[in-house]
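A.B. asks: For reference, the structure I am asking about is given below.
Readers should treat all values here as calculations from the given coordinates under stated rules, not as data from a laboratory. No experiment lies behind these values; they were computed from the predicted model shown. Cβ coordinates were reconstructed from backbone atoms using ideal geometry, including for glycine residues, and neighbour counts include every protein chain displayed.
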Amino acid sequence: MKLTPATAALLGAGVTGFFTLLAGLSTQWLTRSRDREQRVWEKRAAVYEDVLVLVQRLAQDRQELVRDGAAGDWDPDLVSENYSRVFAKLEIYGSDGLIKAHKESDAALMQWLTAFVSWRSRAGQNPEIPQPGQNAAWDDFLEKARAAEATDEAFVAKLRADTLAIRPRRRWYQR
């Protein structure tokens, strides 16, 4: 079989068309992949920001309870529904290690709240903050508050590490 100029032109056009199509499909696939990663990253970042705000507000309320023995006005963002919604989103977008750290932090939160309510129920309407060692219920609350602070710090450290680890990767074709 002889290769005529017309056949060579058609063959060249076919090969060129195939590689043009392949390059276009590859570009589209890589762009969609990058966009999907970016969308997930943006959702994670928003959830992580909300979680961090809630953790910091809970820490401020805990410090106020330790300092004054009474709670001020509760932040409306800490209402059970909002709290649950933010942490439900964390269950969706968070890593396994972050979810585990949150469960530990949440357990510590419940322990210090329970200890506070226990002390408060025994102290009456106008409780005075006792000195350490004078009231076992208050000492238990202080101990649980310190433990909760430590678990919150570990949770925030895990949150920061997770945030830095999941940033969208820069690939060779994005440079």
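A.B. asks: Modelling each spin label as a point 7 Å along the Cα-to-Cβ direction, I'd like the residue 11/residue 31 distance in nm, to one decimal.
C.D. replies: About 3.4 nm, to one decimal.
A.B. asks: State the extension gain, in nm to one decimal, for the chain segment bounded by residue 22 and residue 164, taking 0.36 nm per residue of separation less the distance between their alpha-carbons.
C.D. replies: Working: separation 142, 0.36 × 142 = 51.12 nm, distance 3.45 nm.
Gain in length upon complete extension: 47.7 nm.
A.B. asks: Report the FRET efficiency, 1/(1 + (r/R0)^6), for residue 117 and residue 39, where r is their Cβ-Cβ distance and R0 is 35 Å, rounded to 0.05.
C.D. replies: Numbers: r = 42 Å, r/R0 = 1.20.
Efficiency computed from Cβ-Cβ geometry: 0.25.
A.B. asks: Can you pull the one-decimal nm distance between simple spin-label points at residue 95 and residue 147, each 7 Å off the Cα toward Cβ?
C.D. replies: Once both label points are built, they end up 2.7 nm from each other.
A.B. asks: Which lysines have a Cα lying under 26 Å from the Cα of residue 144, excluding residues fewer than 8 positions away in the same chain?
C.D. replies: Residue 144 reaches 100, 103, 158.
A.B. asks: Once the piece of chain linking residue 3 and residue 63 is laid out straight, how much longer is it, given 0.36 nm per residue of separation minus the C-alpha distance between them?
C.D. replies: Numbers: separation 60, 0.36 × 60 = 21.60 nm, distance 8.62 nm.
Here the segment from residue 3 to residue 63 would lengthen by 13.0 nm.
A.B. asks: In addition: Estimate the FRET efficiency between residue 46 and residue 106 by the formula 1/(1 + (r/R0)^6), using the beta-carbon distance for r and 25 Å for R0, to the nearest 0.05.
C.D. replies: Rounded to the nearest 0.05, the efficiency is 0.80.
A.B. asks: In whole Hz, with x marking every Gly and Pro, tabulate ³J(HN,Hα) for segment 146-155 from phi via Karplus 6.51 cos²θ - 1.76 cosθ + 1.60, θ = phi - 60°.
C.D. replies: Computed from phi, the couplings for segment 146-155 are 5, 5, 5, 4, 5, 5, 5, 4, 5, 5 Hz.
A.B. asks: Something else about it: Residue-wise, which Karplus ³J(HN,Hα) couplings in Hz belong to segment 12-26, taking 6.51 cos²θ - 1.76 cosθ + 1.60, θ = phi - 60°, and x for glycine or proline?
C.D. replies: x, 5, x, 5, 4, x, 4, 5, 5, 4, 4, 5, x, 5, 4
A.B. asks: Give the separation of the Cα centroids, segment 84-145 to segment 1-68, in Å.
C.D. replies: Measuring centre to centre over Cα atoms gives 40 Å.
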